[in-house]
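The values are calculated or read from the model by the stated rules, or taken from the named source; none is laboratory data. Since this is a predicted model, take the numbers as computed values, not measurements. In this analysis, Cβ positions are derived from the backbone assuming ideal geometry, glycine residues included, and neighbour counts consider all displayed protein chains.
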Amino acid sequence: MTLRLWHRQSLMTTQLAELPELHQMMRQTCRDYAQKELAPIAAQLDKDHKFPAKQVKELGAMGVMAVEVPESLGGAGMDYLAYCLAVEELSRGCASTGVIVSVNNSLYLGPILKFGTEEQKKQWITPFTTGERVGCFALSEPGNGSDAGAASTLAQQEGDEWVLSGTKAWITNCWDASATVVFATTDKSLKHKGISAFLVPMPHPGLSLGKKEDKLGIRASSTANIILEDCRIPLGNMLGERGMGFNIAMQTLDSGRLGIAAQALGIAQAALDCSADYAHKRTAFGAPIGKLQAIQFKLADMALAIESARLLTWRAAMLRDAKKPFTKEAAMAKLAASEAATFVSHQAIQVLGGMGYVTDMPAERHYRDARITEIYEGTSEIQRLVIANNILKEYQQ
Amino acid sequence: MHRSSEVKHVASYLNTRGCECFGQPCESHCPVLTDRTIHVQLKTFIKIRVKPDRTGVVTDGVKHSMNPFCEIAVEEAIKLKEKKLVKEVVAVSCGPQQVQETIRTALAMGADRGIHVEVSGKDYETLGPLQVSKIFAALAKKEQADLIILGKQAIDDDCNQTGQMIAALLDWPQGTFASEMTLEADKMKVVREVDGGLETIKIKLPAVVTADLRLNTPRYATLPNIMKAKKKKIANVKPADLGVDVCSRLEVLKVDEPPQRQAGVKVETVDDLVGKLKEAGRV
């Protein structure tokens with residue numbers, strides 16, 4: 001089913017887009033990989049809640065686990081647009097693999113690349129470019145998700161060590177990670193200005209993991225609490241300056257948002273692939289259902305939602321690559337793409353009817369995978385606030 | 001590992017004719033599939049349409065990609081280079097402008113440079129193994145190649161002739177349907193998959209080898225290699241420059257779709273079956 005659509009799609013998309021040749025080749029490689037290596041196993045990975053270790057290593061060898069990291073540190077040395085294309089194509093095959101790649105690239109390697117010292121980069125980046133190890137990002141807590149400034153995980157200096165204590169929640173990749181960027185406060189009275197970022201290896205004494213969450217979707221990626229109890233790390237493990245943590249988190253999420261937008265696009269595209277194929281094959285009232293306007297209107301709306309979100313995502317990525325401000329555009333992209341994913345996957349089940357409700361077809365998995373994209377890395381509500389704030393600033397009296 | 005200074009160039013011919021399965025090995029062409037390909041959803045093929053004038057199939061708007069056996073050939077060439085047994089891998093393809101994309105894919109896999117032999121329009125439609133092998137033989141002499149590796153056959157026409165013809169034109173030894181190739185001094189040991197089993201031969205270089213399915217598993221291009229591929233050169237050549245006439249000696253009389261499968265007939269007893277077979281003149 002997917003074979004025909006993927007190739008026809010690539011023909012259409014290359015006609016529409018003016019992507020540079022390099023990006024087209026890179027997109028095609030990721031598409032080929034996703035089609036041959038991810039799509040066939042995605043359903044089973046989802047059933048087994050199994051981390052795709054072999055595939056992550058293969059993606060590491062291809063350079064996809066560290067797209068933006070310079071070659072000198074072991075990465076692919078490509079730009080953010082290339083990264084977004086990669087995540088979209090991989091997510092089209094398997095949404096869990098997409099988020100694993102995204103978290104490693106944007107949330108773990110991203111802040112270290114931007115704020116780390118040369119020593120920290122060598123130690124914490126290079127081993128995480130090959131797919132042998134993945135990292136994670138610990139910001140959210142049981143008491144605060146959107147309210148990131150209210151972090152209550154503490155970091156106290158004792159001699160030449162930082163001692164971390166507290167609990168982090170909803171940490172993607174944590175059961176499979178070898179390191180994490182943790183946000184903790186050194187002074188609660190300073191509120192968000194008291195938060196700093198720390199690098200902690202995993203496993204590590206004083207760091208333990210909560211039970212793996214039993215999620216609705218993206219089940220092949222692990223999500224759990226990280227519990228810090230008297231977790232001691234050298235002073236040199238602080239990332240950036242003291243008190244910079246909140247800033248680091250916000251900047252990291254700006255970029256991470258695009259990775260999630262790309263993941264949402266991949267899920268939406270896979271759902272559209274599934275629906276359009278079904279529309280050709282399923283006959284009712286004497287003809288393929290694709291002949292019925294009810295279905296045609298759905299497919300049109302689905303394609304429109306995806307293409308609009310895709311262009312927003314590309315634009316935000318290109319702005320970031322040009323080192324221009326991109327916060328508003330990134331929020332728009334993530335909002336549009338995640339809402340497109342939930343809309344398209346919902347309609348995909350509708351197009352497939354009963355078949356959309358059973359595990360024989362991937363539509364139900366896309367529906368389950370899509371839902372989280374409106375929540376993590378900034379809820380849709382937060383995205384709206386970010387956009388509104390930017391708009392109001394632009395129109396400042 | 002033996003280092004050979006004699007083996008200078010490995011020229012890898014890429015077939016990029018349009019194929020029914022958009023570059024994927026499909027059940028009707030490759031009845032024996034590797035574990036990897038078996039899992040690919042092969043149930044739906046692209047609907048191939050015969051042209052209204054019945055001279056061929058519709059290729060306009062059909063995405064062309066590297067022939068899977070040629071991908072295996074490129075992979076083998078690059079492996080030889082990685083083992084430092086060859087100095088340079090040159091990827092060659094004959095066809096219109098679009099084949100450059102395929103050559104770039106070979107460059108992204110690790111080939112050093114490419115040669116695009118421009119053949120387009122009517123010439124391309126009638127391009128067949130004889131012309132291609134002449135082009136290739138001429139190139140091999142020009143480039144002073146020591147080894148030519150190509151796919152055993154193209155999955156659109158299934159000719160399985162080009163490799164053999166090149167060897168004949170150059171008067172070089174050939175090792176076809178290779179499932180294993182090992183360089184030993186100036187000889188290539190080739191394990192061939194033949195109907196009776198496996199045949200091992202040793203052929204003296206320069207030689208032609210054609211790749212079969214189990215020779216290797218082609219790599220995915222890595223992102224850094226895709227970036228490097230951009231800087232690699234693709235030379236443009238015309239068949240006339242090589243002194244080759246691409247005029248076809250064959251005329252396609254007609255192309256038809258395979259006959260529609262007829263519904264079967266159920267019978268109750270063995271006697272009925274024999275009776276029906278006799279009626280149909282089958283026994």
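Is at least one residue of the stretch A:147-157 in contact with a Leu (Cβ under 6 Å, 6 or more places away or on another chain) and surrounded by 24 or more Cβ atoms within 10 Å (Cβ to Cβ)? There is at least one residue in the stretch A:147-157 that is in contact with a Leu (Cβ under 6 Å, 6 or more places away or on another chain) and surrounded by 24 or more Cβ atoms within 10 Å (Cβ to Cβ).
Scan B:LYS266, B:LYS202, B:LYS231 and give me the residue that is among the basic types (Lys, Arg), surrounded by 13 or more Cβ atoms within 10 Å (Cβ to Cβ) and without any contact (Cβ under 8 Å) to a residue 60 or more places away in the chain. If you could, list the steps in order and put the result at the bottom.
Working: B:LYS266 fails: surrounded by 13 or more Cβ atoms within 10 Å (Cβ to Cβ); B:LYS231 fails: surrounded by 13 or more Cβ atoms within 10 Å (Cβ to Cβ).
Matching residue, one of B:LYS266, B:LYS202, B:LYS231: B:LYS202.
A:LEU385 meets the conditions (1) over 29 Å from A:SER140 (Cβ atoms); (2) surrounded by fewer than 23 Cβ atoms within 10 Å (Cβ to Cβ) in every case but one. The failed one is (1).
I need every pair where a residue in the stretch A:273-296 that is farther than 19 Å from A:GLU307 by Cβ has its Cβ under 8 Å from the Cβ of a residue that is aromatic (Phe, Trp, Tyr), sequence separation at least 6 or different chains. What qualifies is A:ILE289/A:TYR278; A:LEU292/A:PHE285. Looking at A:LEU253, A:LEU265, A:LEU335, A:LEU312, just one residue is under 17 Å from the mean Cα position of the chain (by Cα) and surrounded by fewer than 24 Cβ atoms within 10 Å (Cβ to Cβ), and that residue is A:LEU312.
Scanning the stretch A:179-193 for residues that are small (Gly, Ala, Ser) and modelled with pLDDT under 95 turns up just one, A:SER189.
Only a single item in (1) without any contact (Cβ under 8 Å) to a residue 40 or more places away in the chain; (2) closer than 25 Å to A:GLN120 by Cα is not met by A:SER152, and it is number (2).
Touching a strand residue (DSSP E or B) at 6+ places or on another chain (Cβ under 9 Å), buried (at least 20 other Cβ atoms within 10 Å of the Cβ) and either in the same structural domain as A:ASN225 (by the TED database) or over 21 Å from A:SER146 (Cα atoms) (or both), is that true of A:GLY166? It is true that A:GLY166 is touching a strand residue (DSSP E or B) at 6+ places or on another chain (Cβ under 9 Å), buried (at least 20 other Cβ atoms within 10 Å of the Cβ) and either in the same structural domain as A:ASN225 (by the TED database) or over 21 Å from A:SER146 (Cα atoms) (or both).
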